[in-house]
Amino acid sequence: MSNIKISIITVVRNRIKVIGQAISSVQSQDCQNIEHVIIDGASTDGTLELIQKLVGEKTVLISEPDSGIYDALNKGILNSTGDVIGVLHSDDYFSDELVISQVSKLFEDPSIDIVYGDLDYVSSIDSDKVIRHWVAGEFSQKKLSWGWMPPHPTVFIRRSIIEAYGAYDTGYRISGDYDSLLRYFGRGKARAIYLKRVLVKMRVGGESNRSLRHIMRKMTEDYRTLRQNRVGGFGALIWKNISKIGQFIKAG
């Protein structure tokens, strides 16, 4: 058994229909050295009561109001004890029970800072139907200026990297994950390993894509963090969005 302890952080509010599968996918992992930190934003639809029925001894549960998803994720990091941090949103679930053990094995190399993989977007009605297949590919510093980023829910980060380069910037509403990854991969020059397989399945309909207004806000925030982290500008933003087209073609 690996000595690497992995903390999975799940942020949730009023997601009673899907939170059970997220929790189950963590509990079904064959890795024993795992901690699940659930931050509930004071749910009112029965989500909290369901979580309380499902949690086990390796679960940390906090339920209280927060100032948004990145505030809640930071709270999860502060209340976690793992050597490595991963994020599993309430709409997401691990593709199978071997994900965490395979990730943990790679972190046994102390020089590895980040492990990431591929992601499937699936239908919110039929989770067997893949809408979009996101192949992350191998990382290189040059790719950052072309808008490259790995799927955030598949990224596992050593705690020391987060402590060195900061957690999530709560000044962002949608692009805080992109901003954090630019810091770790860019300024932090983290050594990353690509695990060439689907690690997480995500239901379509996320915060950043649910309306034209949100799409425009995300593009504005993406541009801001590209400039702030001195990675690129408008060109990187364009390529970041163009690269998504092939993911739909491959899923079709």
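The values are calculated or read from the model by the stated rules, or taken from the named source; none is laboratory data. All of these numbers come straight from a predicted model, not from anything done at the bench. Cβ: placed from backbone, ideal geometry, glycine included. Neighbour counts: every protein chain shown. These area figures cover heavy atoms from the full protein model, side chains too; ligands, DNA and RNA do not enter into them. Shrake-Rupley method; radii C 1.70, N 1.55, O 1.52, S 1.80 Å.
Below are the figures for this structure:
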{"read-out": "Rg/Rh (Cα only; Kirkwood hydrodynamic radius) as it applies to segment 7-115", "value": "0.96"}
{"read-out": "Order of exposure, largest accessible area first, which applies to Glu221, Glu163 with probe 1.4 Å", "value": "Glu163, Glu221"}
{"read-out": "Karplus (6.51, -1.76, 1.60) ³J(HN,Hα), θ = phi - 60°, over segment 49-55, in Hz, Gly and Pro reported as x", "value": "4, 5, 4, 4, 6, 9, 5"}
{"read-out": "Per-residue SASA entry for Lys129, accessible area with 1.4 Å probe, Å² rounded to 10", "value": "120 Å²"}
{"read-out": "Glu35 accessible area, assembled protein chains, probe 1.4 Å, Å²", "value": "20 Å²"}
{"read-out": "Value of [θ]222 nm, deg cm²/dmol, for the chain, DSSP H segments ≥ 4, -39500 (n - 2.57) each, nearest 500", "value": "-9500 deg cm²/dmol"}
{"read-out": "Computed magnitude of the charge dipole of the chain (debye, nearest 20; Cβ of K, R +1, Cβ of D, E -1)", "value": "1100 debye"}
{"read-out": "Top positive-direction residue, dipole computed over the chain with Cβ charges, set Leu195, His89, Ile19", "value": "Leu195"}
{"read-out": "Calculated P(r) tail over 29 Å for the chain, as whole % of Cα pairs", "value": "25 percent"}
{"read-out": "Accessible area of the chain belonging to carbon and sulfur atoms, whole % at 1.4 Å probe", "value": "53 percent"}
{"read-out": "Exposure ranking of Ser175, Ser24 by accessible area [1.4 Å probe, largest first]", "value": "Ser24, Ser175"}
{"read-out": "Accessible solvent surface per residue of the chain, calculated while the other protein chains remain in place, 1.4 angstrom probe, Å²", "value": "47 Å²"}
{"read-out": "Subset of Lys5/Lys143; Lys53/Lys105; Lys17/Lys53; Lys129/Lys201 violating a 19 Å alpha-carbon distance limit", "value": "Lys5/Lys143; Lys53/Lys105"}
{"read-out": "Computed FRET value (nearest 0.05) for Val135 with Glu97, which takes r as the C-beta separation and R₀ as 30 Å", "value": "0.85"}
{"read-out": "Charge dipole (the chain, unit charges on Cβ, about Cα centre) - positive-most of Ser140, Ser124, Ile100", "value": "Ser140"}
{"read-out": "In nm, spacing of pseudo-spin labels at Asp45 and His214 (7 Å Cα→C-beta vector)", "value": "1.3 nm"}
{"read-out": "Debye, to nearest 20: dipole size of segment 23-75, +1 on Lys, Arg Cβ, -1 on Asp, Glu Cβ", "value": "100 debye"}
{"read-out": "Amide proton proximity set for Ser63, modelled H, under 5 Å, gap of 5+", "value": "Asp40"}
